[in-house]
Amino acid sequence: EAARLLRSDHFEWVTHDGSTSIAFRADSTCDLCRDYTLCVPGKAVGVLAKAGASALESVVPYCSVFARTSPDDKAVIVKTLKQVGHTVLMCGDGTNDVGALKAAHAGIALLNSKPPVKYAKPKKKKKKRRAKNMGEWINEKLQEEEEEEALPVVSLGDASIASPFTSRFNTVTPCLDLVMQGRSTLVTYLQMFKILGINCLSSAYSMSVMHLEGVKMGDTQATVSGVIIAFLFMFLSASSPCETLASRRPHSKVFSRYFMVSLVGQAAAQLTFLVLCYRQAVALTPPDESLEAGGDLELNSSANATEPLLAAANGTVGNGTAADDAAAAMADPAAAAADEYEKTIVNTTVFLVGFICQLSTFATNYAGRPFNAPLRSNKGLFYGLLLTALLALGLVAGTMEDLNATFEVIELPKDLKIWLAAGGTAMWLACMTIEKLARDLFPERIHPNLLL
């Protein structure tokens, strides 16, 4: 299609062969672009710019080709597309593109790095004179190789100064590379936030509610878990984009329905797994062990605390006041002893459940195709998850005494091992299902003009 100027304030759409002409109306451009591919010349853009922003916004977003445009026309087109809500990428190779490159969200300067090809008549081969000595012959050969392998010198122009990205080639292929890299960065950024959110929710429950029940974590366990998570995040940040550009767009916001549904759903699945395993561990704990020992400590400490209170009532406390001595008694070392980590079934179970949940979070929320390369391509993350899974399996089995001693855990009963293995697998499958449903039910919104 081509737009032909009839008068200074009126247009009509005509085909390239002149067989069809349609009167121009601002409100019909949207419907017209469904049946035709619209093209606008630079003169028409100039007239529309004089008519105002509303005239530009009624035509420019629905056109596919802009021909014979001036530097000012290019800048007007880019600004109009931005005003209607589009994300604009502009590539150019000359000074006349500087204004549009600055106005666009992303600008790419294209440089011509290929040397000019000169066609000349073939010359007759001359007989090479025989070198006088070996040194002269070597110098001639080296000079010939330097002339053949000399690379062209590319000078940076105004376009490269005005745009944030510069390509040494004169093709538009870098535009696709930039879009794929940007999508990969966005997806990696969002998935890191989601992993942090899920881990924080499960950790907050373990450190608050479970701690009030007497559940604790050893120093070695906390250190190793933190180091493993740090390395997994480092490998996750090294994700590379997919080789092909996807037809659909990735999610671009943290506060979206997809993100919240996926985060809350996975956190709920992990907390359910944690609570069920905790209750099973409490049920399998012998009466003379562990968690109830914490209750005995509390009873003993409270019983010891009553003695100074009674003594204070009788006035037999030392030089300090009765209130000070009572406070000192409440801060008895028995209370500090209650905060020390003990190798119990419940503590071991809670640590292993948290470890499995962290592993599941990374494995579930890695966004591979169609925006990032598959998980196998990210060698560091793939082998890191594999080794972490083997470590978790070894800790659940509990057959290696040295490994148990290092991580301050004990061997669990057989029924509890089955609970951890089966429950961890079911939890991971549930998280995968929630992630896929959230992604399919709440896709990224597409700009209305792109739905035409």
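With a 1.4 Å probe and all protein chains kept in place, how much accessible area does residue 393 have, in Å² rounded to the nearest 10?
So the heavy atoms of residue 393 present about 110 Å² to solvent.
Would you check the accessible area of residue 102, probe 1.4 Å, heavy atoms only, in square angstrom rounded to 10?
140
Residues of segment 76-115 with amide nitrogen under 14 Å from the 7 Å Cα-to-Cβ point of residue 181?
Only 106-110 pass the distance filter.
All other residues with a Cβ under 15 Å from the Cβ of residue 423 taken together, and with Lys, Arg as +1 and Asp, Glu as -1, what is their net charge? Provide the component values of the computation, followed by the final result.
Working: positive: 279, 414, 417; negative: 415.
Result for the neighbourhood of residue 423: +2.
Give me the distance between the Cα centres of segment 75-115 and segment 235-265, rounded to whole Å.
Cα centroid of segment 75-115 versus Cα centroid of segment 235-265: 27 Å apart.
Check residue 67: other-chain or 5+ apart residues with amide H under 5 Å from its amide H, H built from backbone geometry?
When sequence neighbours closer than 5 places are left aside, the close amide H contacts are 40, 42.
How do the peptides 364-372, 13-21, 62-70 rank, highest first, by the average count of neighbouring beta carbon atoms within 10 Å per residue?
Details: 364-372: 19.9, 13-21: 11.4, 62-70: 14.9.
Highest-to-lowest ranking by the protection proxy: 364-372, 62-70, 13-21.
Rounded to the nearest 0.05, what FRET efficiency is calculated for residue 429 and residue 405 with R0 set to 45 Å and r the Cβ-Cβ distance? Kindly include the intermediate steps, with their values, before the conclusion.
Working: r = 33 Å, r/R0 = 0.72.
With R0 = 45 Å, the Cβ-Cβ based efficiency is 0.85.
Can you give the local net charge around residue 399? Use residues other than it whose beta-carbon is closer than 15 angstrom to its beta-carbon, Lys and Arg +1, Asp and Glu -1.
Numbers: positive: 414, 417; negative: 401, 402, 411.
That works out to -1.
For the pair residue 224 and residue 67, how long in nm is the line joining their label points, each one 7 Å along Cα→Cβ?
That separation, rounded to one decimal, is 7.1 nm.
Can you list the chymotrypsin sites (Phe, Trp or Tyr not before Pro) in segment 220-259 that are in a DSSP coil and have 12 or fewer other beta carbons within 10 angstrom? Each step should come with its number before you reach the end.
Working: sites: 231, 233, 235, 255, 258, 259; in loops: 255.
Hits after loop and neighbour filter: 255.
If you stretched the chain out fully between residue 268 and residue 50, how much longer would it get, using 0.36 nm times the residue separation minus the C-alpha to C-alpha distance? Show your work: numbers first, answer last.
Values: separation 218, 0.36 × 218 = 78.48 nm, distance 5.77 nm.
Stretched fully, the residue 268-residue 50 segment lengthens by 72.7 nm.
Could you tell me the calculated FRET efficiency between residue 415 and residue 203, based on Cβ-Cβ distance and R0 = 41 angstrom, to the nearest 0.05? Mind showing how you got there, number by number?
Values: r = 27 Å, r/R0 = 0.65.
My answer for the efficiency is 0.95.
Report, in listed order, any pair from 216/343; 82/102; 79/102; 74/102; 43/102; 79/253 with a Cα-Cα distance greater than 19 Å. Please list the in-between numbers first.
Values: 216/343 10 Å; 82/102 12 Å; 79/102 10 Å; 74/102 11 Å; 43/102 22 Å; 79/253 24 Å.
Checking Cα-Cα distances, 43/102; 79/253 exceed 19 Å.
Which value, in Å² rounded to 10, gives the accessible area of residue 342 with a 1.4 Å probe and all protein chains present?
80
The values are calculated or read from the model by the stated rules, or taken from the named source; none is laboratory data. It should be emphasised that the depicted structure is a prediction, and the values quoted were computed from it without experimental measurement. When we count neighbours, we look across all protein chains shown, and the Cβ atoms used for this are built from the backbone with ideal geometry, even at glycine. All accessible areas refer to the heavy atoms of the entire protein, side chains included, with ligands and DNA or RNA removed. Shrake-Rupley method; radii C 1.70, N 1.55, O 1.52, S 1.80 Å.
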